[in-house]
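The values are calculated or read from the model by the stated rules, or taken from the named source; none is laboratory data. The structure displayed is predicted, hence computed values, not measured ones. Note: ideal-geometry Cβ built from the backbone for every residue, glycine included; neighbour counts use all protein chains shown.
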């Protein structure tokens, strides 16, 4: 499972990111080439830009689900964190 704290610094800010578990298999780039690019110098993938359309989000989810080492996350800032962590903070208790 990807962790936001271990993401590569060249990821575009937002929900999707690639972390340091990436093995440079390039599968994400095949699934969502508009979003994922390769850092040739450091030999890993990263989120070049966040998805903008439903089709791009679907491609990102396909890449996330297909990643052999779970190096792609979607719980960054403004991500749907409730999808992976359904726990909600309790409401304010009124006295």
Inset, instruction - Could you check residue 76 against (1) at negative phi; (2) modelled with pLDDT under 95; (3) loosely packed, with under 15 Cβ neighbours inside 10 Å and say which number it fails? - result: (3)
Legend entry - residue 2 being touching a helix residue (DSSP H, G or I) at 6+ places or on another chain (Cβ under 9 Å), crowded, with 17+ Cβ neighbours inside 10 Å and in a loop (DSSP other than H, G, I, E, B): yes
Inset, instruction - Please specify each residue of the stretch 39-62 satisfying the condition of being farther than 11 Å from residue 18 by Cα and either part of a loop (DSSP other than H, G, I, E, B) or touching a strand residue (DSSP E or B) at 6+ places or on another chain (Cβ under 7 Å) (or both). - result: 39, 40, 41, 42, 43, 49, 50, 51, 52, 53
Inset, instruction - Within the stretch 15-38, work out how many residues are closer than 16 Å to residue 1 by Cα and in a strand (DSSP E or B). - result: 3
Inset, instruction - Report whether or not residue 53 is more than 13 Å from the chain's Cα centre (by Cα), modelled with pLDDT of 85 or more and surrounded by fewer than 16 Cβ atoms within 10 Å (Cβ to Cβ). - result: yes
Legend entry - Residues of the stretch 19-35 satisfying the condition of being within 17 Å of residue 61 (Cβ to Cβ), out of contact with any helix residue (DSSP H, G or I) (no Cβ under 7 Å at 6 or more places or on another chain) and surrounded by 15 or more Cβ atoms within 10 Å (Cβ to Cβ): 29
